[in-house]
Structures are given as structure tokens and as C-alpha cells.
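What follows is a set of notes on a single structure, which appears directly below.
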Amino acid sequence: MRTFDLEEQERGPVTVIAVEGSVDAVTAPRLSEALAAAVAAGRVRLVVDLGGVDYVSSSALRALLAGVKGSRAAAGDLRLAAVPPPVARVFELAGFDGIVQRFDDADAAALSFA
């Protein structure tokens with residue numbers, strides 16, 4: 001069984017959600033819930049740090065897309081950080097690069113909101 005963990009951190013007006021493990025049909029709902037809860041709390045500038053992710057399924061793409069839509073509907077945005085090459089390849093194949101900005105690390109992504 002693959003492990004999964006989320007850790008949220010406030011960096012001024014930006015919320016960084018660091019994800020570890022595999023984001024699949026079992027774990028993606030937790031990511032969706034975390035993103036939706038942040039937006040509901042008015043934290044609409046979101047960075048999802050994927051540096052600790054080893055696998056993503058289409059469920060992960062749906063969770064992230066829902067987060068993008070939710071944050072943008074509330075006048076915010078969602079950025080991705082530290083995307084490992086195999087995960088980046090999945091995003092490229094799915095056309096995610098045209099939807100979500102990617103940054104080398106969470107600090108760069110958070111600064112991009114300035």
C-alpha cells in the first residue's frame with residue numbers, strides 16, 4: 001500500500017500544501033478536500049508542492065483541476081511546485097501545462113503571487 005500525507009503551511013497570503021506519496025483514486029479526495037477547505041476559508045492563493053510525490057493518477061489531475069477552478073472562481077489561483085519529472089510528464093501528456101503554472105520550488109511559486 002502506498003503512503004500519502006498532506007502538510008499545510010501559511011506563507012503570508014499564500015497557502016502551501018505539500019503532498020507526499022501517491023495521489024490516486026484512494027488519496028486524491030483528501031487533496032480535493034484540503035484545496036476546497038482552503039478556498040472556503042478565503043485562502044485562494046494556493047501552491048501545491050509535489051516534491052514528495054512519486055505517482056499521480058487521473059484522480060490527481062481531477063483534484064488539482066477542481067482546486068484551480070475553485071481558487072480562480074474566488075479571484076485566486078493555484079500553482080504547482082517541485083514537480084518530479086515522471087509526474088511532470090503526466091501533466092504534459094494531459095495538457096496541464098497550459099492550465100497551471102509550474103515552479104522549481106514552493107518559495108518561487110509563493111513569490112509569483114507578489
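What follows is calculated from the coordinates using simple rules that are stated; it is not laboratory data. What you are looking at is a predicted structure, and each value in this text was computed from that prediction instead of being measured. Here the Cβ positions follow ideal geometry from the backbone for every residue, glycine too, while neighbour counts run over all protein chains shown.
Please state which of the following conditions L65 fails to meet, knowing it meets all the rest: (1) assigned to a helix (DSSP H, G or I); (2) crowded, with 19+ Cβ neighbours inside 10 Å; (3) of a type in the set (A, V, I, L, M).
(2)
From A38, A82, A114, grab the single residue that is surrounded by fewer than 15 Cβ atoms within 10 Å (Cβ to Cβ), hydrophobic (A, V, I, L, M, F, W, C) and free of Cβ contacts under 8 Å to residues at least 60 places away in the same chain. Even if it seems obvious, please write down each step before you answer.
Details: A38 fails: surrounded by fewer than 15 Cβ atoms within 10 Å (Cβ to Cβ); A82 fails: surrounded by fewer than 15 Cβ atoms within 10 Å (Cβ to Cβ).
The unique qualifying residue is A114.
Filter the stretch 2-23 down to the residues that are more than 13 Å from G51 (Cα to Cα) and in contact with a Lys or Arg (Cβ under 7 Å, 6 or more places away or on another chain) and list them by number.
At the first step, the residues of the stretch 2-23 found to be more than 13 Å from G51 (Cα to Cα) are 2-3, 8-15.
Answer for the stretch 2-23, where residues must be more than 13 Å from G51 (Cα to Cα) and in contact with a Lys or Arg (Cβ under 7 Å, 6 or more places away or on another chain): P13, V14, T15.
Looking at the stretch 1-42, which of its residues are more than 18 Å from S57 (Cβ to Cβ), not aliphatic (A, V, I, L, M) and not in a strand (DSSP E or B)?
G12, P13, G42 - these are the residues of the stretch 1-42 that are more than 18 Å from S57 (Cβ to Cβ), not aliphatic (A, V, I, L, M) and not in a strand (DSSP E or B).
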